[in-house]
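Submitted below is the structure of interest, expressed as structure tokens.
The values are calculated or read from the model by the stated rules, or taken from the named source; none is laboratory data. Only a predicted model underlies this, so the values are computations on that prediction, with no experimental measurement involved. Using ideal geometry, Cβ is built from the backbone for each residue, glycine included, and neighbour counts are taken over all protein chains shown.
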Amino acid sequence: MSQLVIDHRDPQTGRPASSHANDTTTAPGLRRHATRMATSGVDRLQAFLVAYSLQALRICLGLVFLGFGVIKFVPGLSPAEAIASATIDRLTFGLVSGHTAVLLTAVTETVIGLTLVTGKFLRVGIVVLGGALIGIMSPLALFTAELFPHGPTLLGQYVLKDIVLAASALVVAAYALGARLHTGSDD
């Protein structure tokens, strides 16, 4: 295989310029240059993600909880109103049910959302979120037959997505309690 080599001369000495190690005009030089550029770009991206991704996840998770909580204040607006009421009814052995159960869920989700979005009282919000996750995941065990009769119903899919919310909540909680991302190699 042939290779194009351009002989650069130092204008002061007239001799050939430095070795091909830093030369971007040869194929190996171009590869090294491209590798350095890609590595530099990946390093900058990694630094950006370490600096901002967990805060972005916290805020986005907070917006989801805030949105789900606020719509439960309006009777009939939330598609999860019936399942929320039935879940709280079962978990409290019938002590809290109906509209009261939906309002309790609305308040809980709104408080969680506000703490996550603002970052204020975050540890309190994380504790409330931990308790809420029990209720959030409970329909998968309490109402399996209704949610997945022969495959997931639309409500079943709605509840199933809560697994992603729970995993996101674990990451946000770990960060809020002191865990940190560090730049480094995954080798």
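Output the residues belonging to the stretch 67-91 that are part of a loop (DSSP other than H, G, I, E, B) and hydrophobic (A, V, I, L, M, F, W, C).
Answer for the stretch 67-91, where residues must be part of a loop (DSSP other than H, G, I, E, B) and hydrophobic (A, V, I, L, M, F, W, C): PHE73, VAL74, LEU77, ALA80.
Quick check on this structure: which one of ILE134, ILE112, ILE126, ILE71 is closer than 17 Å to SER168 by Cα, of a type outside the set (S, T, N, Q) and at pLDDT 95 or above?
ILE112
Here is a further query. Looking only at residues in the stretch 85-110 that are of a type in the set (A, V, I, L, M) and in contact (Cβ under 8 Å) with a residue 24 or more places away in the chain, which one is surrounded by the most Cβ atoms within 10 Å (Cβ to Cβ)?
ILE88
Name the single residue, out of those in the stretch 92-104 being small (Gly, Ala, Ser) and in a loop (DSSP other than H, G, I, E, B), that is farthest from the chain's Cα centre (by Cα).
Selected residue: GLY94.
Let me ask something else about it. On the basis of being part of a helix (DSSP H, G or I), farther than 15 Å from LEU116 by Cα, hydrophobic (A, V, I, L, M, F, W, C) and touching a residue at least 40 places away in the same chain (Cβ under 8 Å), does VAL64 make the cut?
Taking the combined requirement at face value, the residue does not satisfy it.
Next up: Looking at (1) surrounded by 11 or more Cβ atoms within 10 Å (Cβ to Cβ); (2) part of a helix (DSSP H, G or I), can you tell me which one LEU45 breaks?
Failing condition for LEU45: (1).
Additional query: Taking the stretch 143-164 as the region of interest, how many residues are in contact with a helix residue (DSSP H, G or I) (Cβ under 7 Å, 6 or more places away or on another chain) and in a helix (DSSP H, G or I)?
5
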